[in-house]
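Written out below as structure tokens is the structure these notes cover.
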2 protein chains.
Amino acid sequence: MSGTGVTVKKNVNFSEWYVEVVLKAELADYAPVKGCMVIRPDAYAVWEKIQEVVNQKIKSTGHRNAYFPMFIPEAFLKQEAAHFAGFTPEVAWITQGGDTPLEEKLAVRPTSETIMYDMFSKWIRSWRDLPLKINQWCNIVRWETKATKLFLRTREFLWQEGHTAHATAEDAEVEVIWALNMYKEVIENILAIPVLIGTKSESEKFAGALYTTALESIMPDGKALQMGTSHNLGQHFAKVFNVKYIGEDKKDHYVWQTSWGITTRLIGAMIMVHGDDKGLIMPPKVAPIQVVIIPIPFKGLEAEAIAAKTKEVAEILRAKSINTLLDDRSEYTPGWKFNQWELKGVPIRVELGPRDLKNGQVVMVRRDTGQKIPVKEANVVATVENLLQEIQDTMLAKAKALLDDKTTLVTNYDEFKHVIESKGGFIKAAWCGNPECEARIKVDTGATIRIRPFEKDTTKNICVYCNNEAKGGIVYFARSY
Amino acid sequence: MSGTGVTVKKNVNFSEWYVEVVLKAELADYAPVKGCMVIRPDAYAVWEKIQEVVNQKIKSTGHRNAYFPMFIPEAFLKQEAAHFAGFTPEVAWITQGGDTPLEEKLAVRPTSETIMYDMFSKWIRSWRDLPLKINQWCNIVRWETKATKLFLRTREFLWQEGHTAHATAEDAEVEVIWALNMYKEVIENILAIPVLIGTKSESEKFAGALYTTALESIMPDGKALQMGTSHNLGQHFAKVFNVKYIGEDKKDHYVWQTSWGITTRLIGAMIMVHGDDKGLIMPPKVAPIQVVIIPIPFKGLEAEAIAAKTKEVAEILRAKSINTLLDDRSEYTPGWKFNQWELKGVPIRVELGPRDLKNGQVVMVRRDTGQKIPVKEANVVATVENLLQEIQDTMLAKAKALLDDKTTLVTNYDEFKHVIESKGGFIKAAWCGNPECEARIKVDTGATIRIRPFEKDTTKNICVYCNNEAKGGIVYFARSY
């Protein structure tokens, strides 16, 4: 048993704790290729759940999945200048096919705007073809040079990228906000992580966008994590890739476009926000195993009756579509199993020993609070269903408390610097709107503007850095992943 | 309207017909990157349906999905010599990340045995960790130099690859056959394409396998298409990647492995087997739209009542989870819509005009037979449900008839050569088992051994080529894609 549990405390060395949880709970592993990871089944199951929920939401609103090549000609990337400048430094290049050098090197997609919109320009002819709402689930490559962080910073990751084309600026605007709110609902509802939403500052926007909206969360170490983005591309790409339609007015118009995405880094956020010193805690709505049942045949007493009863309990839970594992392996002790499934974050453990058998009950143990609850046999299903929801709610509430705790309103720059060093987190501060103040704050403190709320908060009207009028309103600064 | 329908007859120029159907039914498109395709939503939806069914089957048997890096170090590929020789000629190589040349070039996965088994060697410790049954859905790259054929031969395609490790040779054997039969069921049941199953000859087996089993179908042009493979890898890779476990006997053993896969080429097979001169015919079980409803407001008569009634019909069908589209666009005529949805292969068209309204009925038109069926309103749901199954069954039966028609038993080599030139298809012929005869037949006729049936058919006992004893039994030859 020794060596298999998490040995680092979350509040002592957060970053080592994270790596241990990811590796020991078998969520991911370092691949033999530098900078790359393997997503193991328990984490991939979380991604599949995210896919299921997002697919349901995008399909029911008329978006359709498709698949575009991952190879992008260099010339395509170059067409939108800001886009090229933003992505080229971290592009992986294919230069050889079989034994033959390629005439034009090919980028492995760092994002798919260019290759998709080249196709859009062929497919879109008239207003009847709009809106065009396409989504793609795929792998993405960005040749990171900073240290690898499983789920958070790897050279290859998985994502979903929505790409839409609309007849009007208003339609594109609506789509950008629709995607943002869709993500907020998914992340808060199934991953139990509260997010802030708003726009990015110019310096942080997507390379090639008109503007970028985003979702940001705070991690327990006080650093912000970008949870997803939704970009209004305006007509920038449409003009470069010639994506036009003939309107009802019989005239040519450029389309208005959006793109939006979330990635497997959400799994990293889930681990960081919810885990504890025993390991992972899976939000019930994404848990590949929601209930683990462990028979406890004390000194062999009643072993057969206990085996039969645990099987019965497993079956009635499965019949209710509750993901249930009966861990009846004889080669491990109950204590070993407790640790194993706590490490893996299973929301509810059900124990059944000789005394429980006699009393017609089981004992349920909540992973999030450790609370032990004796439950009469007849109430098992109802209690599990209630508990799963309660755990989900409790986890979200706890994460909300973390967000509140890690958010500080400051009124002057000394306070700003003090807070960023002492507790980190989101710092709410008024900003003049000048990119120079933003840049200087970044140099001084490492903090950047993570989010500018949609509703401008003008309760503080002096820029925290330059003391000029805070035309930008109160914004959220933080150091970030 | 002109120019949007299929202009080539299937039996006049099959290969041009295929390209027209794929492009005009908007299933795929040529990408701006040579050799690559875009999988458009209607075809991607078929892939998603295949994923759903396969996922259900693999998960319910204890397989789990995961994701491994698509980059494979050159040294890995080289470790299994036959594997390297088989795949290197068609590998795409990454040689540069950002502006920096890589120290060791990286292959984009042509298949994932090597990178997966390197991880398996870390994860598998004891007999308790077996069997390990992992599956991955991903993109695959093989740098084809032959002409691109949408879905059938592109440099990037999508697939699923199952990879398992077992304690015994017997367990691996069982897994190989399980996967093969699982594929047979999926392909016959949902794509309505009958397949032959059996083993590949040595010359056609997977590079690195002990032996390869496969599924083969015949296309209307008489060429065979490999529909999937399931490989017994024996201990070849285990020895090279050191995948060992400690047995209950406390000793070290190499694992026994399998791998198996199907790809997006199945969509190409579906198009080829079922399409007709009007375009695609979608098997109901994979059709993204199963029923299209077209209101026919003749000269504007009863337009509002017809609109209301068609909406009502659409709703009752959707309530039964039947994928239903109400095409009430006013900018197109009913005739244009008929052609459009026939081209796209929607299994059932429901028409509703003034007379139908008066008679309390709709008219259903089967895409596969063109049969028109007046149906009383009260019977709409039951009739659609029956028709969908009947169409599915009829399509499979028709494809089976094609397979039978395209299969010829020959007894001598002259007959063999005559049949391969005149009608193609599968040629059943006795074979001595000598790879030299196989090779010479290939040189002469272009035909290879597609399948050696599991049950040896010894009713002909003289090799069709050399007249020696037919130790290989009767096998299936064909020219192939």
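The values are calculated or read from the model by the stated rules, or taken from the named source; none is laboratory data. No experiment lies behind these values; they were computed from the predicted model shown. FYI the Cβ positions are ideal-geometry reconstructions off the backbone, even for glycines, and counts take in every protein chain you see.
What to note about this one:
- Boolean, residue B:101 is under 30 Å from residue B:454 (Cβ atoms), free of Cβ contacts under 8 Å to residues at least 60 places away in the same chain and assigned by TED's automatic domain parsing to the domain that holds residue B:35: no
- Only one entry in B:24, B:9 is surrounded by 15 or more Cβ atoms within 10 Å (Cβ to Cβ), at pLDDT 95 or above and either away from chain A (no Cβ under 11 Å) or in contact with a Phe, Trp or Tyr (Cβ under 6 Å, 6 or more places away or on another chain) (or both), namely B:24.
- With respect to the conditions (1) under 23 Å from residue A:290 (Cα atoms); (2) in a helix (DSSP H, G or I), residue A:402 falls short on a single one, namely (1).
- Take the conditions (1) of a type in the set (A, V, I, L, M, F, W, C); (2) in contact with a Pro (Cβ under 9 Å, 6 or more places away or on another chain); (3) part of a strand (DSSP E or B); residue A:307 misses just one of them, which is (3).
- Filtered by the rule that a residue be surrounded by fewer than 17 Cβ atoms within 10 Å (Cβ to Cβ) and assigned to a helix (DSSP H, G or I), the range A:312-334 gives A:312, A:315, A:316, A:318, A:319, A:334.
- Of all the criteria given as (1) closer than 21 Å to residue A:43 by Cβ; (2) within 22 Å of the chain's Cα centre (by Cα); (3) at the interface with chain A (Cβ under 8 Å from one of its Cβ atoms); (4) outside any strand (DSSP E or B), the one not satisfied by residue B:139 is (4).
- Hits in the range B:200-227 - residues which are in a loop (DSSP other than H, G, I, E, B), farther than 30 Å from residue B:9 by Cα and not polar (S, T, N, Q): B:200, B:205, B:206, B:207, B:208, B:209, B:210
- Those residues of the range A:59-100 which are within 30 Å of residue A:25 (Cβ to Cβ) and assigned to a helix (DSSP H, G or I), in sequence order: A:90
- Once the range A:150-163 is narrowed to residues that are of a type outside the set (Lys, Arg) and part of a strand (DSSP E or B), the residue that is surrounded by the most Cβ atoms within 10 Å (Cβ to Cβ) is A:163.
- Checked against the criterion of being within 8 Å of chain A (Cβ to nearest Cβ) and at pLDDT 95 or above, the candidates B:46, B:54, B:108 yield just one match: B:108.
- The lone criterion from (1) exposed (fewer than 15 other Cβ atoms within 10 Å of the Cβ); (2) away from chain B (no Cβ under 13 Å); (3) in contact with a strand residue (DSSP E or B) (Cβ under 8 Å, 6 or more places away or on another chain) left unmet by residue A:75 is number (2).
- For the range B:18-52, the candidate set comprises residues that are outside any loop (DSSP other than H, G, I, E, B) and more than 19 Å from the chain's Cα centre (by Cα); within that set, the residue that is nearest to residue A:113 (Cα to Cα) is B:30.
- Residue A:161 acidic (Asp, Glu) and over 14 Å from the mean Cα position of the chain (by Cα): no
- Scanning the range A:27-43 for residues that are over 26 Å from residue A:339 (Cα atoms), more than 7 Å from every other protein chain (Cβ to nearest Cβ) and surrounded by 21 or more Cβ atoms within 10 Å (Cβ to Cβ) yields a count of 1.
- With respect to the conditions (1) within 11 Å of another protein chain (Cβ to nearest Cβ); (2) within 17 Å of residue A:261 (Cβ to Cβ); (3) of a type in the set (Ser, Thr, Tyr), residue A:100 falls short on a single one, namely (2).
- Counting the residues of the range A:335-394 that are in a helix (DSSP H, G or I) and of a type in the set (Lys, Arg) gives 3.
Rundown of residues vs (1) more than 12 Å from residue A:215 (Cα to Cα); (2) modelled with pLDDT of 95 or more; (3) not in a helix (DSSP H, G or I), yes/no style:
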residue	(1), (2), (3)
A:165	yes, yes, yes
A:175	yes, yes, no
A:188	no, yes, no
A:198	no, yes, yes
